[in-house]
Number of protein chains: 2
Amino acid sequence: MIRDILVDGSWRPSSGTETFQAVNPLTGDTLPAQFPISTWDDCDRALTAAAAAFEVLRETPGDRIAAFFDRYAESLQEHADELVAQAHLESGLPTTPRLRDVELPRTINQLRLAAEAVRDGGWRLPTIDAAANIRSYLAPIGPVCVFGPSNFPFAFGAVAGGDFAAAIAAGNPVIAKAHPLHPETARMLAVLAVEALRDAGLPSATVQLLYHLKPEDGERLVSDHRIAASAFTGSKPSGLRLKRAADDAGKLIFLELSSTNPVVILPGVLAERGPQLATEFCDSALMGGGQFCTNPGIVLLLASEPTEAFIRDVSQQYQARPAGRLMSAGVVAALNASVATLRTAGAALIAEGSAADTAAFTHANTLLRVSASDWLGQPQTFQTEAFGNASLFVVAASVAEASEVLRALEGNLTGCIYSAKDGSEDADYDALAHVLRPRVGRLLNDKMPTGVAVSPAMNHGGPYPATGNPHFTAVGIPASIRRFTALHCFDNVRQHRLPACLRD
Amino acid sequence: MIRDILVDGSWRPSSGTETFQAVNPLTGDTLPAQFPISTWDDCDRALTAAAAAFEVLRETPGDRIAAFFDRYAESLQEHADELVAQAHLESGLPTTPRLRDVELPRTINQLRLAAEAVRDGGWRLPTIDAAANIRSYLAPIGPVCVFGPSNFPFAFGAVAGGDFAAAIAAGNPVIAKAHPLHPETARMLAVLAVEALRDAGLPSATVQLLYHLKPEDGERLVSDHRIAASAFTGSKPSGLRLKRAADDAGKLIFLELSSTNPVVILPGVLAERGPQLATEFCDSALMGGGQFCTNPGIVLLLASEPTEAFIRDVSQQYQARPAGRLMSAGVVAALNASVATLRTAGAALIAEGSAADTAAFTHANTLLRVSASDWLGQPQTFQTEAFGNASLFVVAASVAEASEVLRALEGNLTGCIYSAKDGSEDADYDALAHVLRPRVGRLLNDKMPTGVAVSPAMNHGGPYPATGNPHFTAVGIPASIRRFTALHCFDNVRQHRLPACLRD
């Protein structure tokens, strides 16, 4: 039996005849449910329904939208067991703590924060110039297409994640494009979303779901005249194809692409607590098979005895810790290809764990090393993202050389510098941070980048090509909501015709 | 003698050998000064200098940047006579009131508001999550290239206008590309800017000036790795070429392109004060030869006796008022081409003034009329912007038909609805405003769109293709500053290393 898509409030068969099935990454077994690969006709219907829903939604009071979020959050809580079981089946991510204790609660929290933000309305940045009788605020923008990533079935997913919450909080309907690795999880979420929409009295096409698209239909979708904006979290090649299509049509697209998340560790802090940092680094780099956007992929070190001791420590842990469990054969293949690229360019394999594991898709923990001078000879190649449990250590001869490495970095989501607690490395810190700061969205001190707190001050964003726009964050309400808005100004508009928040 | 370009703090010869001269639009005489068409080599030097200036500027205290704006504003005031005389010579715009009493004071005011905004710092949207020790604010982004338009030598100009002020207020150096219609005005402004930079102690390459570029070098400039963002105000074809280049390189570009600025005038308000509105409309539409981005190009009317009386009134005024003085032979040619396009599509010429005038580049006031049903047959063609003193009246048979016209509109900077003061047309207003609102950046009531107040609540922006990004305004400090920033987050960064505004 082929699963129905969700279009215009009803579950209905896709017009597509091709199908796909998800795979259990722990066993390699193909899961029974069949999902359609949508045709343009499915997209076209969803677009028309979304445009109609927007006409209603943009006039809908915020408390109804907030009620939807609250109801949906509650429903995720009520159905936590089934949701976590299904997400585990499709993603192989550990039930606990990851899915049950971290990712699902985070997702529920984001939905509740979205409800609060909608009620509060501060994200609208209302501005009243009473003397000139000119007023402005941020208004909803129109239907938003959300492409969810492989690595977070809930928290960044197309039907419940941060982009979904931000788009709807602003008053826009969402066309969710599930990630094909976990279509049933997306379907179960959408069933609950539909109920919550009904309970809150929102247009039923506020949430629609497609499971899979041909690449050319994705490009057509993000550039369609009925779409206002899209959000994509995923691989750089796919993201850039969508960006090109959206840009050419003058449509907004918010991308979260690859990032190597450079971490600089100075010798002084290694002298202070090298073994502790080795464990801290391995925990961050190997957690979840390293399948995080903020995984620390490049570590920049200064030639010194504490650095060599740190590298030995990390090497031992990479060898001793369990193999990385990856989400699909595709992720394994891409990781192998990236490691091969880095090795061909001259990185030495200095530690390799065992790939033996009961799971189907595994990869040995892989630690590579290159000198900064070699890195500087091919800075682009050495910034190849190795998505998964592989890390590249770059050893510089001096702070000046380390600075040159930082200067050659592409835009990243995060960048981190560890320095001696006693302040003895503050001058080196200043020199390096000056170069690193404009190249990353989030600068960390003495802390690994893998935690992305849901904070109003968070920036889960950064300069191109980490994202497509350095103004905006994908995590952190209310700032993330502003992505899906347009600035609306009212000039001499009669009082009773103004939105409530702009009246005298 | 060929004028020098301003690169890296010095006036030096361009490496280009081709030159151009400005023309006095009132006489048609070529002005004596010769200006270079820059080569890529000029751009390359300017980019390197801008990148170096940014390294200093981004760490420069705001009070020094504010001092630059204050000093520059003062200097424009001191040299008002020469500046106005030169701008008049090159643009043909009236010395008074336009240049002396409106545009230059507005420009000076914008610079002073930029100084205030820099001192205030609120535009940075500082956000502190003390519990999580995560903080963020909007930081300068890097060198900005500003392409000034033909129609505002001061207020939107590349060396003193709104984009220039916003980019520097955020802490970014500007590479100004003057408009080739008024290069000497731009040069005089740059001379004063250099003095103000020196007085304020800012890097000398904070302001650089090129007069003219080959189109391919413009595209290379906006996509260069040393540029962070560009701002362009001008024609759609040129803007879209730059957008494509910038988009492909992942660079930000803020565009202000064409706009037909639809004005809806309902019969009830015409019954109340038709003759007064005819004059109000003609003043707005014919002012400055109609060469404003917010010129009301399309007027949507409902078939009725008051509408016919209004059309007769306007026709008489179009015939009786003086010819439009345009800025160049190119503007005249483009306007003629647009009028021909509209007429070929089926618009009737219902009033034409005299083209006789002492000025060299003139155009007869031109009033065109088409039925809404004909307009709806070719909505794209009938939205051809006729930049200058030509207007298209579209007469609809009903509110429903008028609504269809609005629904077919492209994104516009402004949209306006006049309705009866007595409230009798409020239901029609609601129906039409619902459709118009998301299609414009600024919605006006009972007021023509040509005044763009410098207000914090202003939106001089709008949906594509009026601009490239519906979030942002080009006029209105501090909102306009935010265009040239990147969101910088500090996670667990030690207190003394934080920017002052993010410390506890």
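The values are calculated or read from the model by the stated rules, or taken from the named source; none is laboratory data. Keep in mind that what you see is a predicted model, and the values were worked out from it rather than measured. Positions of Cβ are generated from backbone atoms using ideal geometry, with glycine treated the same way; all protein chains shown enter the neighbour counts. Heavy atoms of the whole protein, side chains included, go into the accessibility calculation; ligands, DNA and RNA do not. Shrake-Rupley method; radii C 1.70, N 1.55, O 1.52, S 1.80 Å.
Being open to solvent by less than 10 Å² (accessible area, probe 1.4 Å), within 8 Å of another protein chain (Cβ to nearest Cβ) and at pLDDT 95 or above is the requirement here; does B:Thr485 meet it?
Working: open to solvent by less than 10 Å² (accessible area, probe 1.4 Å): yes; within 8 Å of another protein chain (Cβ to nearest Cβ): yes; at pLDDT 95 or above: yes.
Answer is yes for this residue.
Is at least one residue of region A:425-435 within 9 Å of another protein chain (Cβ to nearest Cβ), in contact (Cβ under 8 Å) with a residue 24 or more places away in the chain and open to solvent by 40 Å² or more (accessible area, probe 1.4 Å)? No: region A:425-435 contains no residue that is within 9 Å of another protein chain (Cβ to nearest Cβ), in contact (Cβ under 8 Å) with a residue 24 or more places away in the chain and open to solvent by 40 Å² or more (accessible area, probe 1.4 Å). Within region A:1-21, the set of residues being assigned to a loop (DSSP other than H, G, I, E, B), touching a residue at least 24 places away in the same chain (Cβ under 8 Å) and out of contact with any Lys or Arg (no Cβ under 7 Å at 6 or more places or on another chain) comprises A:Met1, A:Gly9, A:Ser14, A:Ser15, A:Gly16.
Has region B:39-46 got at least one residue that is within 16 Å of B:His182 (Cβ to Cβ) and either of a type in the set (S, T, N, Q) or more than 26 Å from the chain's Cα centre (by Cα) (or both)? Before you say what the answer is, go through the steps one by one.
Keep residues of region B:39-46 that are within 16 Å of B:His182 (Cβ to Cβ), which gives none.
Scanning region B:39-46 turns up no residue that is within 16 Å of B:His182 (Cβ to Cβ) and either of a type in the set (S, T, N, Q) or more than 26 Å from the chain's Cα centre (by Cα) (or both).
Just to be sure before I move on: is A:Val475 among the hydrophobic types (A, V, I, L, M, F, W, C) and more than 28 Å from B:Asn412 (Cα to Cα) in the structure I sent? Working first, answer last.
Working: among the hydrophobic types (A, V, I, L, M, F, W, C): yes; more than 28 Å from B:Asn412 (Cα to Cα): yes.
Answer is yes for this residue.
Looking across A:Arg135, A:Arg187, one residue alone is crowded, with 24+ Cβ neighbours inside 10 Å, touching a Lys or Arg at 6+ places or on another chain (Cβ under 9 Å) and of a type outside the set (A, V, I, L, M). It is A:Arg135.
Quick check: anything in region A:280-297 touching a residue at least 40 places away in the same chain (Cβ under 8 Å) and charged (D, E, K, R)? Full working, then the answer.
Applying the first criterion (touching a residue at least 40 places away in the same chain (Cβ under 8 Å)) to region A:280-297 yields A:280-281, A:283-297.
Narrowing the set further to residues that are charged (D, E, K, R) leaves A:280, A:283.
Yes, that holds for at least one residue.
If I ask for residues that are surrounded by fewer than 21 Cβ atoms within 10 Å (Cβ to Cβ) and either touching a strand residue (DSSP E or B) at 6+ places or on another chain (Cβ under 7 Å) or not in a loop (DSSP other than H, G, I, E, B) (or both), which ones from region A:295-306 would you list? Please lay out each step first, then the result.
Initial filter on region A:295-306 (surrounded by fewer than 21 Cβ atoms within 10 Å (Cβ to Cβ)): A:303-306.
Residues satisfying the conditions are A:Ala303, A:Glu305, A:Pro306.
The residues of region B:312-330 that are open to solvent by less than 30 Å² (accessible area, probe 1.4 Å) and among the polar types (S, T, N, Q), listed by number, are B:Ser315, B:Ser328.
Check B:Thr450, B:Thr473 and return the single one that is more than 24 Å from A:Met458 (Cβ to Cβ) and facing another protein chain (nearest Cβ under 8 Å).
On the way: B:Thr450 fails: facing another protein chain (nearest Cβ under 8 Å).
It is B:Thr473.
In region B:198-238, which residues are of a type in the set (S, T, N, Q) and over 26 Å from B:Arg58 (Cα atoms)? Before the answer, list the steps.
Taking region B:198-238 first, the residues of a type in the set (S, T, N, Q) are B:204, B:206, B:208, B:223, B:230, B:233, B:235, B:238.
Across region B:198-238, the qualifying residues are B:Ser235, B:Ser238.
In summary, B:Tyr418 fulfils each of the numbered conditions (1) open to solvent by less than 10 Å² (accessible area, probe 1.4 Å); (2) under 26 Å from B:Tyr464 (Cβ atoms) with the single exception of condition (2). Does region B:265-285 include one or more residues that are within 24 Å of the chain's Cα centre (by Cα), away from chain A (no Cβ under 14 Å), open to solvent by 20 Å² or more (accessible area, probe 1.4 Å) and of a type in the set (A, V, I, L, M, F, W, C)? For region B:265-285, residues within 24 Å of the chain's Cα centre (by Cα), away from chain A (no Cβ under 14 Å), open to solvent by 20 Å² or more (accessible area, probe 1.4 Å) and of a type in the set (A, V, I, L, M, F, W, C): absent.
Quick check on A:Ala46: is it touching a residue at least 40 places away in the same chain (Cβ under 8 Å) and part of a loop (DSSP other than H, G, I, E, B)?
On the way: touching a residue at least 40 places away in the same chain (Cβ under 8 Å): yes; part of a loop (DSSP other than H, G, I, E, B): no.
No; evaluated as a whole, the condition is false for this residue.
Among the residues of region A:488-504, those that are at the interface with another protein chain (Cβ under 9 Å from one of its Cβ atoms), surrounded by fewer than 24 Cβ atoms within 10 Å (Cβ to Cβ) and charged (D, E, K, R) comprise A:Arg494, A:Arg497. Beta carbons closer than 9 Å, at least 6 apart along the sequence or on distinct chains, pair a first residue in region A:54-67 that is closer than 18 Å to A:Ile108 by Cα and assigned to a helix (DSSP H, G or I) with a second that is of a type in the set (Asp, Glu) and open to solvent by 30 Å² or more (accessible area, probe 1.4 Å) for A:Ala66/A:Glu116; A:Ala67/A:Asp199.
Screening A:Ala46 on (1) under 23 Å from A:Pro215 (Cβ atoms); (2) open to solvent by less than 10 Å² (accessible area, probe 1.4 Å); (3) in contact with a helix residue (DSSP H, G or I) (Cβ under 7 Å, 6 or more places away or on another chain) shows it passes everything except condition (3).
On the given criteria, is B:Ala309 at pLDDT 95 or above and open to solvent by 50 Å² or more (accessible area, probe 1.4 Å)? Full working, then the answer.
Values: at pLDDT 95 or above: yes; open to solvent by 50 Å² or more (accessible area, probe 1.4 Å): no.
So B:Ala309 fails the test.
Identify the residue in region A:216-257 that is more than 13 Å from every other protein chain (Cβ to nearest Cβ) and of a type in the set (Ser, Thr, Tyr) and, among all such residues, is surrounded by the fewest Cβ atoms within 10 Å (Cβ to Cβ). Residue satisfying both the conditions and the ranking: A:Ser238. Among residues of region B:483-504 that are at positive phi, those with a Cβ under 8 angstrom from a residue that is of a type in the set (Asp, Glu), sequence gap 6+ or separate chain, pair up as B:Asn492/A:Asp446.
Residues of region B:436-453 being open to solvent by 30 Å² or more (accessible area, probe 1.4 Å), farther than 21 Å from B:Gly239 by Cβ and either outside any loop (DSSP other than H, G, I, E, B) or in contact with a helix residue (DSSP H, G or I) (Cβ under 6 Å, 6 or more places away or on another chain) (or both), which ones? Break it down into steps so the answer makes sense when it comes.
So the first thing to find is which residues in region B:436-453 are open to solvent by 30 Å² or more (accessible area, probe 1.4 Å), and the list is B:438-439, B:446-447, B:451, B:453.
Still in the list and also farther than 21 Å from B:Gly239 by Cβ: B:438, B:446-447, B:451, B:453.
The answer is B:Pro438, and nothing else.
Is there a residue being at the interface with another protein chain (Cβ under 10 Å from one of its Cβ atoms) and within 28 Å of the chain's Cα centre (by Cα) anywhere in region B:390-397? Please lay out each step first, then the result.
Initial filter on region B:390-397 (at the interface with another protein chain (Cβ under 10 Å from one of its Cβ atoms)): none.
Looking for residues that are at the interface with another protein chain (Cβ under 10 Å from one of its Cβ atoms) and within 28 Å of the chain's Cα centre (by Cα), one finds none in region B:390-397, hence no.
Select from region A:101-132 the residues that are outside any loop (DSSP other than H, G, I, E, B), open to solvent by 60 Å² or more (accessible area, probe 1.4 Å) and free of Cβ contacts under 8 Å to residues at least 40 places away in the same chain and write down the one among them that is nearest to the other protein chains (Cβ to nearest Cβ). Lay out the reasoning, then the answer.
At the first step, the residues of region A:101-132 found to be outside any loop (DSSP other than H, G, I, E, B) are A:101-120, A:122-124, A:127-129.
If we keep only those that are open to solvent by 60 Å² or more (accessible area, probe 1.4 Å) too, we end up with A:101-102, A:109, A:112, A:116, A:119-120, A:128.
Then drop every residue that is not free of Cβ contacts under 8 Å to residues at least 40 places away in the same chain, which leaves A:101-102.
Numbers: A:Asp101: 19, A:Val102: 16 Å.
In this case the residue turns out to be A:Val102.
All of A:Ala356, A:Ala360, A:Ala333 fail the test of being over 25 Å from A:Gln316 (Cβ atoms), outside any helix (DSSP H, G or I), open to solvent by 10 Å² or more (accessible area, probe 1.4 Å) and not assigned by TED's automatic domain parsing to the domain that holds A:Thr30, apart from A:Ala360. Considering only residues of region B:454-470 that are within 7 Å of another protein chain (Cβ to nearest Cβ) and farther than 13 Å from B:Leu255 by Cα, which is most open to solvent (accessible area, probe 1.4 Å)? Filtering region B:454-470 for residues that are within 7 Å of another protein chain (Cβ to nearest Cβ) and farther than 13 Å from B:Leu255 by Cα, the one most open to solvent (accessible area, probe 1.4 Å) comes out as B:Pro456.
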